[in-house]
Amino acid sequence: GENVEQHPSTLSVQEGDSAVIKCTYSDSASNYFPWYKQELGKRPQLIIDIRSNVGEKKDQRIAVTLNKTAKHFSLHITETQPEDSAVYFCAASLNWANNLFFGTGTRLTVIP
Amino acid sequence: DAMVIQNPRYQVTQFGKPVTLSCSQTLNHNVMYWYQQKSSQAPKLLFHYYDKDFNNEADTPDNFQSRRPNTSFCFLDIRSPGLGDAAMYLCATSGLAGDDEQFFGPGTRLTVL
């Protein structure tokens, strides 16, 4: 089965700086890679996703890059704000299956 | 505009006493999922329903069962809760494609005494 590794497990940045979270996956057949943000005590919410037919996707301050050859993908948050503080989970799946394999999560703290 | 609703939000049960958690959705999604999330860990998929087709993850303990009587509702039954089953249980829904967004409910936090 798919194995998704995520680093770092914790990340602290100053407000306004950038944050980068990296994930690797094991199954070369995986082709859908969502990122979820989970604030303390709340539900995970999709913030951005990327499919294997593109290498990069951007939505305002958030971007995701995908390197299929190396089997890794990254989340980039620019101009971080205190409200970006949360746990971020990467995930991987096959677009014809319904199993999301989650990474272990990164606790991001943005220091005002 | 609640889309995925879970009840109750907090559930306390005793060791070995059966408990049922419920999930309902207003999105008319075909697929419903149950995840278990322990503190500081990623959500772990227990089962999912692809319409009425039940899919059990290989490592989901037999102590966990699920029912989906119709499109809108799904239940998680824990037959004999142990201390290790204390966790947040998240329900999610999605469309049929594997790359359709999964919408999560607010979760039910289960405490086992």
For the range B:1-95, listing chymotrypsin sites (Phe, Trp or Tyr not before Pro) in a DSSP loop whose Cβ sees at most 12 other Cβ atoms within 10 Å gives B:Phe15
For the range A:1-64, using Cα atoms only, the Rg and Dmax in Å read 13.2, 38
Rounded to the nearest whole number, the Stokes-Einstein translational diffusion coefficient of chain B at 37 °C and 0.692 mPa s (Kirkwood radius, C-alpha pairs) in µm²/s is 235 µm²/s
Extend 7 Å from the Cα of A:His7 along its Cα-to-C-beta direction; within the range A:22-53, residues with backbone N under 14 Å of that point are A:22-25
One point scatterer per Cα, no solvent, Debye formula: log10 I(q)/I(0) for chain A at q = 0.12, 0.19, 0.22 Å⁻¹ comes out as -0.37, -0.92, -1.21
Once accessible area is computed for B alone, A alone and the pair with a 1.4 Å probe, the total buried surface, to the nearest 100 Å², works out to 1700 Å²
Listed by chain and number, the lysines with an alpha carbon less than 20 angstrom from that of A:Lys71, same-chain partners under 8 positions apart left out, are A:Lys22, A:Lys57, A:Lys58
Once the in-chain neighbours fewer than 8 apart are removed, the aspartates and glutamates whose Cα is under 20 Å from A:Lys42 read A:Glu83, A:Asp84, B:Asp1, B:Asp85, B:Glu101
HN-Hα couplings for the range B:102-110 via Karplus (6.51, -1.76, 1.60; θ = phi - 60°), in whole Hz with x for Gly/Pro, come out as 8, 9, 9, x, x, x, 10, 8, 9
Kirkwood-based Rg/Rh on the Cα set of the protein assembly as shown evaluates to 0.97
With T = 4 °C, eta = 1.567 mPa s and Kirkwood Rh from C-alpha pairs, the Stokes-Einstein D of the range B:1-67 in µm²/s is about 95 µm²/s
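The values are calculated or read from the model by the stated rules, or taken from the named source; none is laboratory data. This structure is a prediction, so every number in the text was calculated from the model and none was measured. In this analysis, Cβ positions are derived from the backbone assuming ideal geometry, glycine residues included, and neighbour counts consider all displayed protein chains. Ligands, DNA and RNA are stripped out before the accessible areas are found, and what is left, the full protein with its side chains, is counted by its heavy atoms. Shrake-Rupley method; radii C 1.70, N 1.55, O 1.52, S 1.80 Å.
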